[in-house]
Structure formats: structure tokens, C-alpha cells
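The structure appears right after this line, and notes come after that.
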Amino acid sequence: MADFETQIVVIAGGPAGLSAAVQAAEDGADVILIEKNAAVGGAANMGMGPLAIGSHYQKRQMIDLTVEEALNMYMEYTHYKVDGRLVKRYFEQSAETIEWLEDMGVEFEGAFKYFTKAQPTWHIVKTDQGIGPRAASFMNKALYARAQELGVKIMLETPGKKILKDDEGKVCGVIAVDKDGKEIEIACKAAIIATGGAGANPEFILEQTGYKFGEDMFNFAIPGNVGDGIRMAWEAGVDRVPVRIEQAANFEGIDDLPTSVANIMMQPNLLVNLHGKRVMDEEQMQNTTYLSNAASRQKGRLLFSIVDSSIAKYYMRNGVDEICLVRMNPDCSDFIEGIEQAKKTGNKGLFIADSLEELAEMTGIDEENLLETVDDYNDYCDGYDEEFFKRKKYLRPLTKAPYYAAAVHPGGYGTVGGIRINENCECCDSEDEPIPGLYAAGADACNIYDDSYMFLLPGNSMGFAVNTGRIAGMEAAEYVEGEDD
Ligand SMILES: Cc1cc2nc3c(=O)[nH]c(=O)nc-3n(C[C@H](O)[C@H](O)[C@H](O)COP(=O)(O)OP(=O)(O)OC[C@H]3O[C@@H](n4cnc5c(N)ncnc54)[C@H](O)[C@@H]3O)c2cc1C
């Protein structure tokens, strides 16, 4: 005899799970949502907002990006290795999702780019504190309130453990563990898995991706996101598709310092590997996925961003060239104080040297090559970057000590992918056959990037979470209605 009975169990309360629960309840289903943590929102509480294409904000801002253009751009970027039907359904729904969220009280600042070359698809949630990290927690609060208003039973500190199937292979229940550590069974007709990936599970990351957490991978690790949903789905017979890191480069310990340090070190400065060689047009560093990918393929999975004191002074006087919305203030006047603070706190990723030779010794960069690279680079500053064609406006010579360097490692927001779904967010076996009553959404099922996060359309992972959550919710509601007939 089950402890609870409902039509749909949503496993987890991040943006994917909350959206699934709200949508399913709006469509008339009885829903129980179980969440492992003591609060809902998941990783998205740290983020700023979802992607949309063709929203009324974009129309008002005269941004003319259509679903057709975005889809074509997307499929080319991923070499047609991902599910075009799923991407299309997600993109097509994304503008209406903004209105759906607005109807429950979410406000948006507008549509933004993450960096100059990106498209303005990032719909940053409005807060009472201006644009900045954690804005999307306001969206999660509104989704939570709406779920409660619709009568969704929300059980916090109740991790899902196992999907139950009946003799016909249809979902018939979920096993979870309640607040008191007691195993409970919830009978249901459908389950939606949305546990946010495995960013906080070093063993799983090593096994699935080959990266060593804290050694050559510095991804955000949201407590509780350890791959429970992926494991549950795989155990229930869902096809295993590759789990990837949603890469975004990491500058060790830099976010604990005044923002001027990160702002300056993340400009399109000279970037070299341990061989002392450049590896890319540094303007592309603004796409933090590209930077992380580039770092990943170097010796030691390491790069160094280097400025001299005159470049630092230029930024301190004028502010940075490239503004990042996560660190909105372009003022860098307290860079030196920030560096001093880094020295005091023993930051291992920042280096200050009185000569390039000393910098080479401190960092392990090949000295001879570093000197040659800086020499060549300084020549390009007078003329043309014949090595990587960096635009003139980002070329500044390094001539004056002290030199400042920051180590760049591969990093990421967490993991994406693992569970095979189709465009209806139905979990599928290796033959692409849906497992009746089993759905997945968000990071657990986000197989749409192939090997690299699509930062050219920012807001993509939260956009995918909210929109696939809604799709799973509406499809599951329709399925359970059919099962009840
Ligand atoms: C610092 C940061 C900033 C970001 N900014 C953005 C941004 O601005 N735009 C964007 O598009 N993306 C952003 N992202 C990524 C985005 O937050 C994620 O893609 C998104 O949150 C994924 O949603 P989700 O619901 O799948 O998972 P999550 O938000 O991670 O939620 C997963 C939930 O599952 C719960 N859970 C885990 N296991 C179980 C279990 N066994 N049973 C029940 N519950 C369980 C967790 O406690 C958690 O609440 C950011 C990520 C980080 C870390």
C-alpha cells in the first residue's frame, strides 16, 4: 500500500521541476513535487534568467531574431548532432514562456547579450537590486508560489530514489525518503525527473567526462546535484546519452576579490599556455565556453591571462573595454587593492612579477618562448596581429613591470545530459521508444549542446530547463488523463 497517491510526481524543484509542476497542475493534473533540499530553486537561484526568441521585449528592442534563424544557427553550431525537433519545440515556446512567467508576477529587465558577439536572447529577471547574480531566484519564488496556489503538494527534504514500473513497463510509482529518513512510496501514473545533473559528484564527473574535480575542472557544485535523476532514469531502462560539463572558464578564487580583478583579467589580454605560446584570438575569451574549451586542450589544462602595469593602469583609469553583466561595474580603480588582498589571502591563481623571467618561474611557463611571444605580440601592437588576427583595439603592448597574470582553468556550471528524451520530453530507450509515463527535463536531459554550451544564444540552459519543464508537464498531464479514461 503506497504512502501517497497522485497522478504525477515531479522529482525536484529547480526551474525545470517547478515549471513542470505548475504546467501539469494548470492542465488539471494532481501533482506531488519532491525536492531533496530544504528550499526550491536549485542552481538557477544563482543565475540571472532564461533564453527566449521572439519575445515582446525583443520586439520592443527591435531585435529581429526569428526561431528559424536561431534554429539554423543552432543546428550548424552542433553539426546536426542534436535533436532538431526538441530544439525547435523549445525555441518556439520560449517567447510565450516569458508571458507565462509574467502572468505569475515575474518581471524582466529586457533581452541581453552575454558578450558582444552573442545574440540578445538572455531575459534577465528584474529584482529590487538591479541586474546581477541571483536575479533568477525571483523567478523561482514566483513559480513556487504559483505551484502552491494550484494545490501542488510540495515535499521538501524528500529526495527521490527509484522509479517503479508495473508489469506492462508503465510508471506506477516513485520511492523517496522523507524528512525523517523513512522510505516512502508515492503511487502515480507519471513521473518527471528534473534533478539538475551531477555537478557536485566528482566520481561521476570523472567517470563520465574524464575531468578531475578541483584539479582540472572547477565547475559550480550545487549541493544535492549528484546525478540522482540520471541514475534513476538509467535504472528504469532509459538510454544513456553522454553527460558533459556545461563549460565556462574558471579563474581560481577571483570571485572572492574586488570585481576589478576579474574584470581586468578577463579582458582580451595576452593569453598563453605553459609552452609560452598564444592559442587563440583573445577577443573570443568573452565566450567563456570557448575559453574553457581552449584551456582544456592545453598542457596541464591551463592558460594564463597576462597584463603589464601600463595596461592595468589604462583599465583602472578608463574602465574595461568589455563589460560583463555578471559584474556590471566597469570601474577598476581598486585593482591594486584587489591584488594586495589576493597576496594576503594566498590566492594561488594570481601572480605578480617584477619581470617576465620571474613570471615564467612563478607560473612554470616556458621562459624563452614567453619572452619571444611577448616580443612578437608587442610588434603586432604596432601593426597587425599576424598570428591570430586580434582586432587592433584590443592590442596593447606589455612593456612595464610589474606583470600580473591569472591562471585560467576549465570550469562549468555543472553537468548537462545523460537522459535520452524526445521532443515531448518522454524518456526513451535505446530504440527511441518512450517509456510510458516517464518524462525528464532540465539539465538531466539537456542533450542539445553536443560538446559545447551554446553561449551565442545566452540563457540557454535555464531557458531549456523552464521550457522542457513545461513540455514535460503538459505531456504528462495529457498522458495521465488518457490513462484515467
Ligand atoms: C552560478 C550560476 C549561474 C547561472 N546562470 C544562468 C543564467 O543566467 N542563465 C541560464 O540559462 N543558466 C544559468 N545557469 C545554469 C542554470 O541555472 C541551470 O541550467 C538550471 O538551473 C537547470 O535547471 P534544473 O531545474 O534542471 O536544475 P537545478 O536548477 O540544478 O535544480 C535541480 C534540483 O534538483 C534537486 N534534486 C537533486 N537530486 C534530487 C532528488 N534525488 N530528489 C529530489 N530533488 C533532487 C536539487 O536539490 C535542485 O533543487 C547558471 C548556473 C550557475 C551555477
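As an exercise: evaluate residue 57 against (1) in a helix (DSSP H, G or I); (2) within 18 Å of residue 465 (Cα to Cα) and give the number of the one condition it does not meet.
The failed condition is (2).
How about segment 120-140: which of its residues are more than 13 Å from the ligand (Cβ to nearest atom) and without any contact (Cβ under 8 Å) to a residue 24 or more places away in the chain? So that I can check it myself, show each step before the final result.
If we filter segment 120-140 for residues that are more than 13 Å from the ligand (Cβ to nearest atom), which is where we start, we get 120, 126, 128-130.
Across segment 120-140, the qualifying residues are 126, 128, 129.
Regarding segment 65-73, can at least one residue be identified that is assigned to a loop (DSSP other than H, G, I, E, B) and away from the ligand (no atom under 16 Å from the Cβ)?
Looking for residues that are assigned to a loop (DSSP other than H, G, I, E, B) and away from the ligand (no atom under 16 Å from the Cβ), one finds at least one in segment 65-73, hence yes.
With the structure loaded, tell me whether residue 117 is at pLDDT below 95 and more than 15 Å from the ligand (Cβ to nearest atom) or whether it fails that test.
Yes: the conditions hold for residue 117.
Name every residue in segment 237-247 that is buried (at least 21 other Cβ atoms within 10 Å of the Cβ) and either within 14 Å of the ligand (Cβ to nearest atom) or acidic (Asp, Glu) (or both), in order of residue number.
243, 244, 245, 246, 247
Go through (1) surrounded by fewer than 17 Cβ atoms within 10 Å (Cβ to Cβ); (2) of a type in the set (D, E, K, R); (3) within 23 Å of the chain's Cα centre (by Cα) for residue 64 and report which single condition fails.
Tallying (1) surrounded by fewer than 17 Cβ atoms within 10 Å (Cβ to Cβ); (2) of a type in the set (D, E, K, R); (3) within 23 Å of the chain's Cα centre (by Cα), residue 64 fails exactly one: (3).
Considering only segment 172-211, how many residues are within 13 Å of the ligand (Cβ to nearest atom) and over 16 Å from residue 4 (Cα atoms)?
Residues in segment 172-211 being within 13 Å of the ligand (Cβ to nearest atom) and over 16 Å from residue 4 (Cα atoms): 11 in total.
Could you grab me the full set of residues in segment 15-32 that are assigned to a helix (DSSP H, G or I) and of a type outside the set (S, T, N, Q)?
Hits for segment 15-32 are 15, 16, 17, 18, 20, 21, 22, 24, 25, 26.
I need a count of the residues in segment 289-314 that are in a helix (DSSP H, G or I) and either in contact with a Phe, Trp or Tyr (Cβ under 7 Å, 6 or more places away or on another chain) or modelled with pLDDT under 95 (or both).
2
Which condition number does residue 263 fail, the rest of (1) in a helix (DSSP H, G or I); (2) at pLDDT 95 or above being met?
Of (1) in a helix (DSSP H, G or I); (2) at pLDDT 95 or above, only one is false for residue 263: (2).
Could we say that residue 105 is under 21 Å from the mean Cα position of the chain (by Cα) and assigned by TED's automatic domain parsing to the domain that holds residue 25 here? It would help to see each step written out before you state the result.
Values: under 21 Å from the mean Cα position of the chain (by Cα): no; assigned by TED's automatic domain parsing to the domain that holds residue 25: yes.
In short, no.
Here are 9, 87: which of them is part of a helix (DSSP H, G or I) and within 16 Å of the ligand (Cβ to nearest atom)?
Among 9, 87, only 87 is part of a helix (DSSP H, G or I) and within 16 Å of the ligand (Cβ to nearest atom).
Could you give me the residue pairs with C-beta distances under 7 Å whose first residue belongs to segment 462-480 and is within 10 Å of residue 20 (Cβ to Cβ) and assigned by TED's automatic domain parsing to the domain that holds residue 88, whose second residue is of a type in the set (Lys, Arg) and away from the ligand (no atom under 13 Å from the Cβ) wherever it lies, and which are 6+ apart or on separate chains?
471/89
Would a scan of segment 209-231 turn up a residue that is more than 26 Å from the chain's Cα centre (by Cα), surrounded by fewer than 23 Cβ atoms within 10 Å (Cβ to Cβ) and among the basic types (Lys, Arg)?
No, every residue in segment 209-231 fails to be more than 26 Å from the chain's Cα centre (by Cα), surrounded by fewer than 23 Cβ atoms within 10 Å (Cβ to Cβ) and among the basic types (Lys, Arg).
If you check every pair at least six apart or on different chains, which have Cβ atoms under 6 Å apart with a residue in segment 318-345 that is among the small types (Gly, Ala, Ser) first and a residue that is at pLDDT 90 or above second?
Matching pairs, first to second residue: 333/316; 338/260; 338/261; 342/350.
Do we find a residue being under 26 Å from residue 453 (Cα atoms), free of Cβ contacts under 8 Å to residues at least 40 places away in the same chain and away from the ligand (no atom under 16 Å from the Cβ) anywhere in segment 34-54?
So far as segment 34-54 goes, no, none of its residues is under 26 Å from residue 453 (Cα atoms), free of Cβ contacts under 8 Å to residues at least 40 places away in the same chain and away from the ligand (no atom under 16 Å from the Cβ).
Hey, any hits in segment 15-23 for a residue that's surrounded by fewer than 23 Cβ atoms within 10 Å (Cβ to Cβ) and either within 15 Å of the ligand (Cβ to nearest atom) or not assigned by TED's automatic domain parsing to the domain that holds residue 438 (or both)?
Within segment 15-23 (the criterion being surrounded by fewer than 23 Cβ atoms within 10 Å (Cβ to Cβ) and either within 15 Å of the ligand (Cβ to nearest atom) or not assigned by TED's automatic domain parsing to the domain that holds residue 438 (or both)), the answer is no, since none of the residues qualifies.
Filter segment 136-159 down to residues that are of a type in the set (Lys, Arg) and over 24 Å from the mean Cα position of the chain (by Cα) and give me whichever is farthest from residue 6 (Cα to Cα).
146
When you check residue 282 against the structure, is it closer than 24 Å to residue 456 by Cα and surrounded by 16 or more Cβ atoms within 10 Å (Cβ to Cβ), yes or no?
Taking the combined requirement at face value, the residue satisfies it.
Could you go through segment 41-57 and let me know if any residue there is of a type in the set (Ser, Thr, Tyr) and surrounded by fewer than 17 Cβ atoms within 10 Å (Cβ to Cβ).
Within segment 41-57, none of the residues are of a type in the set (Ser, Thr, Tyr) and surrounded by fewer than 17 Cβ atoms within 10 Å (Cβ to Cβ).
Residue by residue, here is whether (1) of a type in the set (S, T, N, Q); (2) over 20 Å from residue 271 (Cα atoms) holds:
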site: 345; (1), (2): yes, yes
site: 361; (1), (2): no, no
site: 379; (1), (2): no, no
site: 414; (1), (2): no, yes
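Looking at the structure I just gave you, is residue 107 without any contact (Cβ under 8 Å) to a residue 40 or more places away in the chain, acidic (Asp, Glu), surrounded by fewer than 19 Cβ atoms within 10 Å (Cβ to Cβ) and in contact with a strand residue (DSSP E or B) (Cβ under 9 Å, 6 or more places away or on another chain)?
In short, yes.
The values are calculated or read from the model by the stated rules, or taken from the named source; none is laboratory data. Computed from a predicted model, the values in this text were never measured in an experiment. Don't worry about glycine lacking a Cβ; one is built from the backbone with ideal geometry, like all the others, and counts go over all protein chains shown.
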